[in-house]
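Take a look at the structure below.
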Amino acid sequence: MENQDFHKRTTIKGGPFHFHCHPQVSCFLTCCHNVDMFLYPYDLLRLKERLNISSEEILQKYTRISEGSHPFFPGLMLQLRETEGKPCPFLEDSGCSVYLDRPSACRTYPLERGVERSPQSKALKVHYFLTHHPYCKGHDEERTYTVKQWERDQGLHEYNLQNDLWAEMDAFFATNPWKGEGHAGPLQQLAFMVCYNIDAFRQYVKEHQIIQQYRVDKATKQRLRRNDDALLLFGYQWLLAILGGKSQLIRR
């Protein structure tokens, strides 16, 4: 998440750091305006559930397509309101209307989380940075956190887990597995649907009997029919299978 005001970042390993955001701090809700924020697949699932609307509505009302982390797959960014200050579309006078299911960038702030894969162990290595925006007075508060305390306090565990899986998929997309298709070719559009439009993917899976083509146990099949999280993870593995990556799915 990046507000357009100049800010600096400092590396932070485990903490502690000072920060506390609350309605009495003078900058309260400033960070909810004029912000460049990427939305990841799991963010969309949580927002869809919170707002009780379809994936297509989420995409049309609250997102815009942008450049991703590499040239071979687009990213999604939060579409701000075109009113004074460019506020977040979920911001109300009392604060965030989707707070319990707010995007990962919001709940991670004032930290930023980066991951990279170690060539030796192939394990993901996590880096945290502490951001300092000039307007933010939360850093002047006395409350302290370690990184682990902040992750627990902000409910980041599931978001981090899901975003790490997405990071692996995005790294695979960076290898340009749809060579020869050109921009927004059929396979890339299929991948976009899987990652960002879970409702359309569920319909696609049903129409094309995708699950029946692989060895999937009965309990997993039931989860895939009703659980968006499970279907998204299946979608990642299915994309790897059809795009030539290393997939855990086994064909019948």
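The values are calculated or read from the model by the stated rules, or taken from the named source; none is laboratory data. Because the structure is predicted, anything quoted here is derived from the model rather than measured. When we count neighbours, we look across all protein chains shown, and the Cβ atoms used for this are built from the backbone with ideal geometry, even at glycine.
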Just wondering, is there one or more residues in the range 221-228 that are under 21 Å from residue 59 (Cα atoms) and surrounded by fewer than 18 Cβ atoms within 10 Å (Cβ to Cβ)? yes
Using beta carbons and a limit of 9 Å, which pairs, at least six apart or on different chains, have the first residue in the range 193-208 and within 18 Å of residue 223 (Cβ to Cβ) and the second one of a type in the set (Asp, Glu)? 198/228; 199/56; 199/228; 202/228
Residues of the range 46-67 being in contact with a helix residue (DSSP H, G or I) (Cβ under 7 Å, 6 or more places away or on another chain), in contact (Cβ under 8 Å) with a residue 40 or more places away in the chain and over 15 Å from residue 105 (Cβ atoms), in sequence order, are 48, 49, 50, 54, 55, 56, 59
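Where in the range 95-208 are there helices (runs of 4 or more DSSP H), lying fully within it, with 3 or more residues that are surrounded by 16 or more Cβ atoms within 10 Å (Cβ to Cβ) and touching a Ser or Thr at 6+ places or on another chain (Cβ under 7 Å)? Give the steps one after another, and end with the answer.
Numbers: elements: 104-108, 147-153, 157-173, 186-196, 198-208.
Here the list reads 157-173, 198-208.
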If we scan the range 245-252, do we find a residue that is outside the structural domain of residue 125 (by TED's automatic domain parsing) and hydrophobic (A, V, I, L, M, F, W, C)? yes
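For the range 174-201, name all the residues that are under 18 Å from the mean Cα position of the chain (by Cα) and of a type outside the set (A, V, I, L, M). Give the steps one after another, and end with the answer.
So the first thing to find is which residues in the range 174-201 are under 18 Å from the mean Cα position of the chain (by Cα), and the list is 174, 191-199, 201.
Scanning the range 174-201 gives 192, 195, 196, 197, 199, 201.
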